[in-house]
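Asker: Sharing a structure here in structure tokens format.
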Amino acid sequence: MNEIKEIFFQECEEQLAELESGLLKLNDGDRDPETVNAVFRAVHSIKGGAGAFGLDDLVSFAHVFETTLDCVRSNKLEPNQDVLKVMLKSADVLADLVTCSRDGGSVEDSRTRGLVKELEALAKGEMPSGGAAEAPKPAAAAAPAAVAPTDDSGFQPIPFSFDDDFGSDDAGKTMFEVTFKPRRDLYSKGNEAALLLRDLSRLGEMSINCDTDALPALEAMDPEETYFSWTISISTEKTEQDIRAVFEFAEWDCDLEVNEIAAEAAEELPMVPVPFDLSALDDEPAAAPAPAAEAPADTKMAAAAARVEKKEAAAAPAAAAANNAAAAANAAGQTIRVDLDRVDRLINLVGELVINQAMLSQSVVENDTNGTSAVNMGLEELQQLTREIQDSVMAIRAQPVKPVFQRMSRIVREVADMVGKSIRLVTEGENTEVDKTVIDKIAEPLTHMIRNAVDHGIESPEKREAAGKDPEGTIKLSAKHRSGRILIELIDDGGGINRERVRQKAIDNDLISPDANLSDEEIDNLIFAPGFSTADKISDISGRGVGMDVVKRSIQALGGRISISSRPGLGSTFTMSLPLTLAVLDGMVVTVAGQTLVVPLTAIVETLQPEASAIHSFGATQRLISIRNSFCPLVDVGRILNFRSTQANPVEGVALLVESEGGGQRALMVDAIQGQRQVVIKSLEANYTHVPGIAAATILGDGRVALILDVDAVVGASRGQSMKQDGGALKADVSLAAAG
């Protein structure tokens, strides 16, 4: 049961994501019935599963939520902005209830009760916030259903009909008799007998008799007890296992017998088509027929018929959801759930395969003088196959950023409500795929950035109106692939960065000197300084100077960079550039003072051979290199890493032009370039210890260990920063993520 329960909570995450996505589509004006059905299905599925595990708080809230969604589904309630605001809050509470059911704890009662009242009011056509909801449409009157006579067995045919899409050809079909009697817990766990019978009807032609003998007088009736049982005859091409599968989620809460009827007996048993059409369950619930008064027996039958029709009407939304869910399941591709540890082990093994293939190739090349042997050609094919296997395995870990983006919608809603602002989140590229490790680690920095944009970036509605803007602010979150990396942009249409205020705050906090001459870009980047905040007072949202510095360190820890572009009065853009995976990288293998290093290829802009005329001294120890009429600082990697005590001659080496964390460029001086290759990242800290300026390690084809350079830490050290402080955090997080 624990394993089944874990699967249920995993499916809840998917259903909650579907719920959030559908509500946001409705909020954007999408009125596609399938979108509404998808939202309803998500809540209904969570409710049904929660009922099976006795999660009463989750079931009760989901039931109220489901009822209100059914009003939208049946066009009784217009999903306007006020209605969707309540539903989005309800989705948040539903997610919290799922989390509490899984991890323990509870959701604040006042919060839940308040939303329950609002949802119930919406279902009644009332608007708790003062708006006007569309009044529920009255159900169309229906003619009383005829009550079929009772046969000698005491069974009575139910006055409704299942889909009659089956042919009259009985060849290859088997007759089964199914006896189904629900127990008390079946309905309390969110199951419906009518739904089960409907699903059963899809397996073949069937007739049903309902036994109502256990139905007591009205004054003795317990509304939570079950009194009916059903005997079903079904002719189908399916097996007994298929029939039992219909009842698999209710098998603990009912008495079920499935018996195959011999061919001779089946021929004598007439198949009486059930005289009703279950597609009517998707329409407006019909009024229950009045019970006949001729005799007690007739009264009993009519009451039973009315009870069944009432059950059918209540089950109508769920029945439609079952149809849509089945259609969606057929349309979706087949998937399997695999434990992440298994995938990690597979990736590690493929990494070892890549290393051994490289070692084998290098060994053959060194011993093959002509380079055209059959072994050499076979190794080339092996190299291609190994790369394809590696790419395929990495694709298994790749996931879309959609779940993280959807989580940000809730952050925007909650923070906007706290600060009294109206803000809309727009997302693009949410299906862009990236390694799961990266996805797990970008949630925290994105949360900080979203909160900062809502609190500081977007102005109040009054200020926006005074500036001629829409009172509702907009935050755009987008993702896209570019040059082997993922770019995530956060754009707001707020007031932009007040550079004068930022500069003065930095001076007050002794971050810069009063006479410092800073560019706009450098002033903008001051917001990433530890302890920096422009908030006038400390609040639950901001003001303690903790946030944007965490963002910068987190992005650096992933081997990424972050930059800012701001226009006063028009808004700001934060751009994060991240690697697609933390397991492998394409790198440039270089030599520095006899040591072999790997420089991430994504950090390199270009390589060049310095000429003596392009080298210029600056100060006592600094040197610059002239590149296309501009000067760039020259950084001696060997000197920074203490591989040598004196500076090397730039003319005798190679310069790698790289982009630094602040958006500027530096030229890293190395002795020579050995080549470009894909390497498998290995944790240096887990296997040895932390080395300042080094992000991780790898194993080359000749079996040697090569260190992967932490470019940002080396560039920072050239500016006088401590690699132990900045690079250490970077190295530790990258190593931990790459350990796999």
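Every read-out reported here was derived from the displayed coordinates using simple, explicitly stated rules and does not represent laboratory data. Only a predicted model underlies this, so the values are computations on that prediction, with no experimental measurement involved. Positions of Cβ are generated from backbone atoms using ideal geometry, with glycine treated the same way; all protein chains shown enter the neighbour counts.
Asker: Can you figure out the FRET efficiency of CYS100 with GLN384, using R₀ = 60 Å and their beta-carbon distance, to the nearest 0.05?
Answerer: Details: r = 51 Å, r/R0 = 0.84.
Calculated value: 0.75.
Asker: Moving to a separate point now. Can you give me the Cα centroid spacing of the stretch 435-459 and the stretch 16-80 in angstrom?
Answerer: A separation of 27 Å, based on Cα centres.
Asker: Just to be sure I follow: if Rg is taken over the C-alpha atoms of the stretch 401-579 and Rh is the Kirkwood radius over the same atoms, what is Rg/Rh?
Answerer: Values: Rg = 16.0 Å, Rh = 16.7 Å.
Answer for the stretch 401-579: 0.96.
Asker: Which whole-number value in Å³ per residue fits the convex hull of the alpha carbons of the stretch 2-123? Can you show the working numbers first?
Answerer: Values: hull volume 10.4 nm³, N = 122.
Spread over its residues, the Cα hull of the stretch 2-123 gives 85 Å³ apiece.
Asker: Hey, can you rank 442-450, 469-477 by average C-beta count inside 10 Å, highest first?
Answerer: 442-450, 469-477
Asker: Rounded to whole Hz and in sequence order, give me ³J(HN,Hα) for the stretch 408-415 from the Karplus expression 6.51 cos²θ - 1.76 cosθ + 1.60, θ = phi - 60°, writing x for Gly and Pro.
Answerer: Whole-Hz 3J(HN,Hα) from phi for the stretch 408-415: 5, 4, 5, 4, 4, 4, 5, 5.
Asker: How large is ³J(HN,Hα) for each residue in the stretch 465-482, as worked out from phi by the Karplus curve 6.51 cos²θ - 1.76 cosθ + 1.60 (θ = phi - 60°), to whole Hz, x for Gly and Pro?
Answerer: Values per residue, Gly and Pro as x: 5, 5, 8, x, 9, 5, x, 8, x, 10, 10, 10, 10, 9, 9, 7, 8, 7 Hz.
Asker: Amide H of ASP636: which non-local residues (sequence gap of 5 or more, or other chain) have their own amide H closer than 5 Å, using H built in the peptide plane?
Answerer: Excluding prolines and chain starts, which carry no amide H, the hits are MET669.
Asker: Let me ask you something else. Sorted by mean Cβ packing within 10 Å, highest first, what order do the peptides 201-214, 552-565 take? Present the calculation step by step, with values, prior to reporting the outcome.
Answerer: Values: 201-214: 19.5, 552-565: 21.6.
In decreasing order of mean packing, 201-214, 552-565 become 552-565, 201-214.
Asker: On to the next question. Please list the radius of gyration and Dmax for the stretch 466-515, considering alpha-carbon atoms only, with Å as the unit.
Answerer: 17.0, 44
Asker: Have a look at the DSSP beta bridges in the stretch 401-533 and tell me what percent are antiparallel, nearest 5.
Answerer: Antiparallel: roughly 55 percent of the beta bridges in the stretch 401-533.
Asker: How large is the dipole of the stretch 7-57 about the Cα centre if only Lys and Arg carry +1 and Asp and Glu carry -1, each at its Cβ, rounded to the nearest 20 debye?
Answerer: Computed about the Cα centre, the dipole is about 160 debye.
Asker: Round to a whole angstrom and tell me the spacing of the C-alpha centers of the stretch 360-430 and the stretch 177-212.
Answerer: The distance from the Cα centre of the stretch 360-430 to that of the stretch 177-212 comes to 48 Å.
Asker: Sorted by packing (mean other beta-carbon atoms within 10 Å per residue), highest first, where do 378-385, 346-353 land?
Answerer: The densest-packed peptide leads the list: 346-353, 378-385.
Asker: What is the magnitude of the charge dipole of the stretch 364-493 about its Cα centre, with +1 placed on the Cβ of each Lys and Arg, -1 on the Cβ of each Asp and Glu, and no other charges, expressed in debye to the nearest 20? Don't skip to the end; give the middle numbers.
Answerer: Details: 18 positive and 23 negative charges, 99 e Å.
Dipole of the stretch 364-493, to the nearest 20 debye: 480 debye.
Asker: Provide the per-residue ³J(HN,Hα) series for the stretch 564-578, in order, calculated from phi with Karplus coefficients 6.51, -1.76, 1.60 and θ = phi - 60°, each as a whole number of Hz, with x at glycine and proline positions.
Answerer: Computed from phi, the couplings for the stretch 564-578 are 10, 9, 9, 10, x, x, 10, x, 9, 10, 9, 10, 10, 10, 10 Hz.
Asker: Of LYS76/LYS117; LYS89/LYS117; LYS25/LYS89; LYS85/LYS552; LYS76/LYS181; LYS25/LYS76, which ones are farther than 23 Å apart at the Cα?
Answerer: LYS85/LYS552; LYS76/LYS181
Asker: Using the C-alpha atoms of the stretch 340-399, what convex hull volume per residue, in cubic angstrom, is computed? Please list the in-between numbers first.
Answerer: On the way: hull volume 3.6 nm³, N = 60.
About 59 Å³ per residue, rounded to a whole number.
Asker: What is the calculated FRET efficiency for ASP56 to ALA17, with r their C-beta to C-beta distance and R₀ = 30 Å, to the nearest 0.05?
Answerer: Computed FRET efficiency for ASP56 and ALA17: 0.80.
Asker: Something else now. For CYS254, list long-range residues whose amide hydrogen, built 1.01 Å from N in the peptide plane, is under 5 Å from its own amide hydrogen.
Answerer: ARG183
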